[in-house]
1. In peptide A:143-155, how many Cβ atoms from other protein chains are near each Cβ within 10 Å, on average?
2. Under 5 Å between amide hydrogens, which residues at least 5 positions from B:Val166 or on another chain qualify, with H placed 1.01 Å from N in the peptide plane?
3. What does the C-alpha gyration tensor say about the overall shape of chain A? Classify as rounded when a/c is under 1.5, otherwise prolate if a/b is larger than b/c, or oblate.
4. Can you tell me the order of B:242-248, B:160-166 when each peptide is scored by its average per-residue count of other Cβ atoms within 10 angstrom, highest first?
5. Please compute, for peptide B:153-162, the average count of beta-carbon atoms on other protein chains lying within 10 Å of each residue's beta-carbon.
6. Over 32 Å between Cα atoms: which of A:Lys76/B:Lys150; A:Lys11/B:Lys198; A:Lys162/A:Lys214; A:Lys11/A:Lys230 fall into that group?
7. Return one quarter of the surface area of the convex hull spanned by the alpha-carbon atoms of the protein assembly as shown, equal to its mean projected area, in nm².
8. Got a sec to turn the phi values of the stretch B:31-41 into Karplus ³J(HN,Hα) couplings, 6.51 cos²θ - 1.76 cosθ + 1.60 with θ = phi - 60°, whole Hz, x for Gly and Pro?
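Please treat every number below as a calculation from the coordinates, not as lab data. Given the structure is predicted, the values throughout are model-derived calculations rather than measurements. Note: ideal-geometry Cβ built from the backbone for every residue, glycine included; neighbour counts use all protein chains shown.
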Amino acid sequence: MARIIVITSGKGGVGKTTTSSALAMGLALRGHRTAVIDFDVGLRNLDLVMGCERRVVYDFVNVLNSEANLTQALIKDKRCENLFILPASQTRDKSSLKREGVGRVMEELSRGFDYVVCDSPAGIEHGAMMAMYYADDAIIVTNPEISSVRDSDRMLGILAGKSRRAETAATPIREYLLLSRYDPERVQRGDMMSVDDVQEILSLELLGVVPESKAVLTASNAGTPIILDKESDAGQAYSDVVKRYLGERLPHRFIETTKKGLLNRLFGE
Amino acid sequence: MDIAAPHSQFELKAGTFTLPLLRLLDTNMDAMAEQLSDTVEQAENFFHNTPVVIDLNDISGITVEFPMLVGLIRGHGMIPVGVRGGTTAQHEAAEMMGLAILADNRQSSRTISRHKSDSKSGSRSNSQSDAQSNVVPIKPEALTTTLVNKPIRSGQRIYAQGGDLVILGQVSSGAELMADGHIHVYAPLRGRALAGVKGNENARIFCRDLQAELISIAGHYRTSENIDTRLRDQPVQIYLEDHILRIEIF
């Protein structure tokens, strides 16, 4: 049975798709059979970030409507044979997602994969509800600013009340926090919330802090999950996230400002 | 939010209304008729089709000629809907005339008007109705204390019907706690807490760390900007004393 992971946030633009692609690629690179699903029906993006937009034939909605089977719709990643992408439909809307249909697809994926990563749309409407309903684990992507934190808090309340695990009184969804677009210098100056500020409100298990990085945009535009860019701090942060998710205990990086020595200041970038 | 739900024909919801109260001071129907005419004459439009509640508190136990009274009120264009106060005998007579017996709760009338003015500011009327369906009713058999050991997240509402509410986790801003009795929060309270929502003026709120957006006891409320900053982040108890909300550091 696969573990179903939802990447969610409430707020838009915080890095859900970036995280979904990085986490899925990271898990697959470590030998786990992984599927990543785009739940943002009508505004599909995951295929672009994964660099497979020109290979989409069938999509998630086709599978839900039994117009195609899963093996036809799943796109195998060219960089990692353990990774498969199920793109969203760009021509339909979120009402195509029916709970029973999504349940059927999840069950089928569960049989063939170790992990199923669900990339949730923003908001708390139907699409987001469908993405999180069958989840075993939830990664809450949050930016260090108050509106994002509050939306995450709201999403946590929904996870605790409206998921399948909540409705069947099973073990609750495991909730993790991923803090993205973190800028230690701005935190130090006091114009960005710190990890502690965010944790005071959300108090979740911290899966990782991903620093604000130009490399993320570059990677997205190139259709390469950022985790493959091992030089960038964001890529390294996502590698840590994957390891921590799989149970490794690692100290958190990228929280402090880098103290530059004299030589570094003279010859550094 | 339930996807498979069929289209329902109606929703059952609670609403609060402020109604004019006709407080009877005597039972002389002739004098009543005269005074009523004079009053209505001054503002006919105001009384036209207005539902009114008859207050019997000052004439408790005295026989009222309800058929006459109802006729008089209707004759002036108003709609008598119920009575408040009075004795069982009076209630029986009122029921004969199709009047409802309303709970004699002076507090509740104050609560209503407060809530009214609150929602008029527009800030919460919307979320109120929207969130109404999210209220988690505590099972009716659990009529004493409700204990919650999880954090209460933004947008969640917990209502302890008929008893006290004890919360062990933090209460996020945007969350709402309600109890007919006391509310205890053993973690930061950042959301709203409304104790004694059915009018119990003896209800209290206890919290370890006061950062609340709004606190209310039996309808007497205070928003965070009206809470003394020296009381913020402090362990406090909140109670009513002579209809005034008191916040006291432990």
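1. Counting other chains' Cβ atoms within 10 Å and averaging over A:143-155 gives 3.
2. Close amide H contacts, sequence-distant or interchain: B:Thr146, B:Leu147, B:Val148, B:His184.
3. It comes out prolate by the Cα gyration axes.
4. B:160-166, B:242-248
5. Mean partner-chain Cβ count within 10 Å for B:153-162: 4.
6. Pairs exceeding 32 Å: A:Lys76/B:Lys150; A:Lys11/B:Lys198; A:Lys162/A:Lys214.
7. Across all orientations, the protein assembly as shown yields a mean hull projection of 32.4 nm².
8. My calculation for the stretch B:31-41 gives 4, 4, 4, 5, 5, 5, 4, 4, 5, 5, 4 Hz in order.
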